Amino acid sequence: MSYPSLESCLIDLEKNGQLVRIKEEVDPYLEMAAIHLRVYEMGGPALLFEHVKGTEYRAASNIFGTLDRSRFIFRETLAQVQKLIELKGDPIKAIKQPLQNIRTGIAALKALPLKNPLNKPVLYREIKISDLPLIHHWPMDGGAFVTLPQVYTEDVDQPGIMKANLGMYRIQLNGNDYEKDKEIGLHYQLHRGIGVHQTKANKKGLPLKVSCFVGGPPSHTVAAVMPLPEGISEMTFAGVLGGRRFRYTYEDGFCLSTDADFVITGEVYPGDNKPEGPFGDHLGYYSLQHPFPLMRVHKVYAKKNAIWPFTVVGRPPQEDTSFGQLIHEITGDAIPQEIPGVKEVHAVDAAGVHPLLLAIGSERYTPYLPTKQPAELLTIANHILGTGQLSLAKFLFITADDTQQLSTHHVKAFFEYVFERIDLTRDIHFHTNTTIDTLDYSGTGLNTGSKVVFAAYGEVLRTLATEIPSVLNDLNGFGKASLPMPGVICLESDAFVNAEKTSLQIEQLNAQLAHHLPALKGIVQIVVCDDASFTGEKLGNYLWVTYTRSNPSHDIYGIASFTRNKHWGCEGPMIVDARIKPHHVPPVTKDTATEKRVDRLFSKGGSLYGIKGHLQ
């Protein structure tokens, strides 16, 4: 469908049994987020909140809550978008098969943005920030946030929409030291297009003009999260995906998406920052309060009967998981096209996306050698860690598969394949004192930490243990062993105190296990954690705890470890200290009182009564 607005999409979802209206008044402070989370966890429908306390505007969430619903929304354009991306990788196909690709060419015409359309719904009225649905998601959040913003900026050296950037960077609407209705907080991370624009504006001593679009056709929201190459306009992508040209105009020098439900305009001045946060983020923890750019509000626009879309982020999986699945479905082989030798790269959602990458590459450097070992894989690994947002990763596991049967998206099978083949004396490669994700507090400071590459290739070296070796059952200082997957053991230990005590604990563990290496042959990784029962209960818990609570250079140890010619390795299992450290941030948790309050909507007579049974 070519949706001209967010509401037309929601009506279509409702007609097809994929949206439920919530008729009760709900509080934007914690209640709306709690309702969304519960429905998302059920695999439930999109939600339209018709009565939001403190505002005249309706709100919608869980629009992209399942991949099937996203496919439904873009059912008439998804195949054409995939074809365009394929042709970008091999444009000769369009020349060789012109008749087969004529529809793709017609679809590409929708990529051209339309300036100054006759109808400009978003100019219906001007309002204030305090008129908006001010949704407070988690108890420790610093205020209300926009969680599905489309943040638009232009290049001061090359103004205009075709060189503009549209990204999804959270925006804090109130709280902290922000002056009511006049100031809001703009949070963006490293490697983002808006950062390039602000740097250029700063050098000229100019304020950066920012427009935040909220709502509008669903293709606009997806365009804001698409990992498009620098210089390719998200607005052109939105037109193709939505089957409708992106419509825009200018007011007071600010670009407005005329189909948006709301637009907030303002300016960011050089060096003008204020504390932003905390915010319950997609790693499953709070990102803390830090100085981030202050946006001085110019005007706020709203269309008639506007609807405020939102989502809730927290420990994966969440609705942004479905975004990731949709992006993968759209882009397909985009990364293999960009990085020679790469066949697949997968950012693991259960580990918070950025901390953990799995990759499959080629190994063609030394076919003449009798022993298979990583060579080209190391070159590919460096390329991956130097590419866009992939560079934010902390852990990269990479291998080559001669059978062509392995997939990075089958996480357990991938780990087993790597762990069967990894040579722990040879295949571990550290990158220290480097950048990591802004939202990852496991490192040595904001944006700073380390990375590690595990590059495994060759013959099977071991059979992974599927039972806990008896030697691990009666350890001094470590206990409650659990096995989340073959070859991995979780051990519970006392709470982390400091690096010095940890070194003594690891020495103690080494003293107990270094003489039992044959008994540990099937174990590749020992995870030291605060709660071994929780960490080992299921694969998702193991991935979340292990890879979000550790800094490779500081928290990886080994049984019978050594450093030889500046290369680190170990004769026995590697150890990952995944305990919570004093500098870590608290995990997001639901508010018990709020959970009880929203029960009324799921009880008999409530708008969401019986919803689970309906979905099953």
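Values for this structure:
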{"read-out": "Scan of region 445-476 for residues that are within 26 Å of Thr403 (Cβ to Cβ), assigned to a loop (DSSP other than H, G, I, E, B) and either basic (Lys, Arg) or open to solvent by less than 30 Å² (accessible area, probe 1.4 Å) (or both), ordered by number", "value": "Tyr457, Gly458, Arg462, Leu464, Ala465"}
{"read-out": "Residue in region 392-405 that is buried (at least 24 other Cβ atoms within 10 Å of the Cβ), at pLDDT 95 or above, among the β-branched types (Val, Ile, Thr) and outside any loop (DSSP other than H, G, I, E, B) present", "value": "yes"}
{"read-out": "Selection count, region 161-176, where residues are open to solvent by less than 30 Å² (accessible area, probe 1.4 Å) and either of a type in the set (Lys, Arg) or not in a loop (DSSP other than H, G, I, E, B) (or both)", "value": "7"}
{"read-out": "Residue within region 487-494 that is in contact with a Lys or Arg (Cβ under 7 Å, 6 or more places away or on another chain), open to solvent by 30 Å² or more (accessible area, probe 1.4 Å), assigned to a strand (DSSP E or B) and free of Cβ contacts under 8 Å to residues at least 24 places away in the same chain present", "value": "no"}
{"read-out": "Filter result for Phe64 (in contact with a strand residue (DSSP E or B) (Cβ under 8 Å, 6 or more places away or on another chain) and of a type in the set (Phe, Trp, Tyr))", "value": "no"}
{"read-out": "Lone unmet requirement of (1) assigned to a strand (DSSP E or B); (2) under 29 Å from Pro278 (Cβ atoms); (3) at pLDDT below 95 for Asp440", "value": "(1)"}
{"read-out": "Region 191-217 - residue that is in a loop (DSSP other than H, G, I, E, B) and either open to solvent by less than 60 Å² (accessible area, probe 1.4 Å) or hydroxyl-bearing (Ser, Thr, Tyr) (or both) and, of those, nearest to Gly388 (Cα to Cα)", "value": "Arg192"}
{"read-out": "Neighbours by Cβ (under 6 Å, 6+ apart or cross-chain): first from region 217-228, touching a residue at least 40 places away in the same chain (Cβ under 8 Å); second among the acidic types (Asp, Glu)", "value": "Pro217/Asp259; Ala223/Glu234"}
{"read-out": "Residue that is among the aromatic types (Phe, Trp, Tyr), within 24 Å of Ile575 (Cβ to Cβ) and buried (at least 21 other Cβ atoms within 10 Å of the Cβ), where the choices are Phe419, Phe430", "value": "Phe419"}
{"read-out": "Within region 41-51, tally of residues that are outside any strand (DSSP E or B) and open to solvent by less than 30 Å² (accessible area, probe 1.4 Å)", "value": "2"}
{"read-out": "Per-region count, region 72-93, residues part of a loop (DSSP other than H, G, I, E, B), of a type outside the set (S, T, N, Q) and either modelled with pLDDT of 90 or more or under 25 Å from the mean Cα position of the chain (by Cα) (or both)", "value": "3"}
{"read-out": "Which numbered condition Gly243 fails, given (1) closer than 21 Å to Gly185 by Cα; (2) open to solvent by 10 Å² or more (accessible area, probe 1.4 Å); (3) among the small types (Gly, Ala, Ser)", "value": "(1)"}
{"read-out": "Residue in region 3-40 that is most open to solvent (accessible area, probe 1.4 Å), counting only those that are part of a helix (DSSP H, G or I) and closer than 16 Å to Gly610 by Cβ", "value": "Arg38"}
{"read-out": "Region 127-160, subset of a type in the set (S, T, N, Q) and open to solvent by less than 40 Å² (accessible area, probe 1.4 Å), residue nearest to Pro587 (Cα to Cα)", "value": "Thr147"}
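Results for (1) crowded, with 23+ Cβ neighbours inside 10 Å; (2) touching a strand residue (DSSP E or B) at 6+ places or on another chain (Cβ under 6 Å); (3) within 21 Å of Gln198 (Cα to Cα), shown as yes or no for each residue.
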{"residue": "Leu256", "(1), (2), (3)": "no, yes, yes"}
{"residue": "Asp259", "(1), (2), (3)": "yes, yes, no"}
{"residue": "Phe262", "(1), (2), (3)": "yes, yes, no"}
{"residue": "Lys274", "(1), (2), (3)": "no, yes, yes"}
{"residue": "His290", "(1), (2), (3)": "no, no, yes"}
{"residue": "Val297", "(1), (2), (3)": "no, yes, yes"}
{"residue": "Lys303", "(1), (2), (3)": "yes, no, no"}
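The values are calculated or read from the model by the stated rules, or taken from the named source; none is laboratory data. Quantities reported herein were computed from a predicted structural model and do not represent experimental measurements. We place every Cβ from the backbone using ideal geometry, glycine too, and count neighbours over all the protein chains shown. Side chains are part of the model used for accessible areas, which takes the heavy atoms of the whole protein and leaves out ligands, DNA and RNA. Shrake-Rupley method; radii C 1.70, N 1.55, O 1.52, S 1.80 Å.
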